Structures are given as C-alpha cells and as structure tokens.
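Please treat every number below as a calculation from the coordinates, not as lab data. Values in this document were obtained by computation on a predicted structure and should not be read as measured data. Ideal geometry is used to build each Cβ from the backbone, glycine not excepted, and the neighbour counts take in all protein chains shown.
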Amino acid sequence: KTTNILQSMQYEKWKDRIPDNYYIQVLHYLLVTGYQFVVLRAHLISNWGQDKRTTAKHYFIERSDVENDLDMLLREEQKFWQYVESGRKPPLILPEI
C-alpha cells in the first residue's frame, strides 16, 4: 500500500496498527484467497515543504489470529450480497469493526 499523509491525524491512524479501511481489505483478501497469512508493506508519503518523506511499515497478519474478524466480515459480505441480488439498496451505516 502507498498512501499520502496530508495531515498528522492520518499518520496517527498508522501508529501501532493498520487503519480500519486497510485492515478490512486485508481480511477480504484472506477470505477470497484462502491464504494463511498476509504481509502488508505500507509506504507512508508526506510532504514537508520541499521535502518528501517516506516511511515504510511492515505488518504480518496470520489467518489464525484474525479468525473472529474473518467470520464477522464474511457474514457482513453475505448480507451485502443479498442486497445486491435482491436489487435493494443496503443501509448506509457501516457495522462496528
């Protein structure tokens, strides 16, 4: 992943964890591939005046450590797909992660 850090608040989201939107994406990849682990390398790019800074972060996520989250995501994706198949709009409120 490569992301531009435009505000310090965005950098804080990466401090000691993966932001929720990227975490859900990683979980989805585990679901559809059946892989046992994911290695996420994130490049955080920030501009300070004329200087461009890049910070690299590495995350190793084992499937066995996130089984409960995978179960939750699968249930939510199945609910969403039922809306797609029925032609109805899904609720706009996202579930808690």
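With R₀ set to 41 Å, the beta-carbon distance separating Val84 from Thr54 gives a calculated FRET efficiency near 0.60. What residue among Gln25, Gly87, Gln50 has its Cα farthest toward the positive end of the dipole of the chain, where the charges are +1 on Lys, Arg and -1 on Asp, Glu, each on the Cβ? Positive-end residue among those listed: Gln50. Among Ile45, Ile61, the order by Cβ neighbours within 10 angstrom, fewest to most, reads Ile45, Ile61.
Based on the Stokes-Einstein relation at 20 °C and a viscosity of 1.002 mPa s, and on the Kirkwood radius from alpha carbon pairs, the chain is assigned a translational diffusion coefficient of 138 µm²/s.
Placing +1 on each Lys and Arg Cβ and -1 on each Asp and Glu Cβ, with no other charges, gives segment 36-83 a dipole about its Cα centre of roughly 360 debye.
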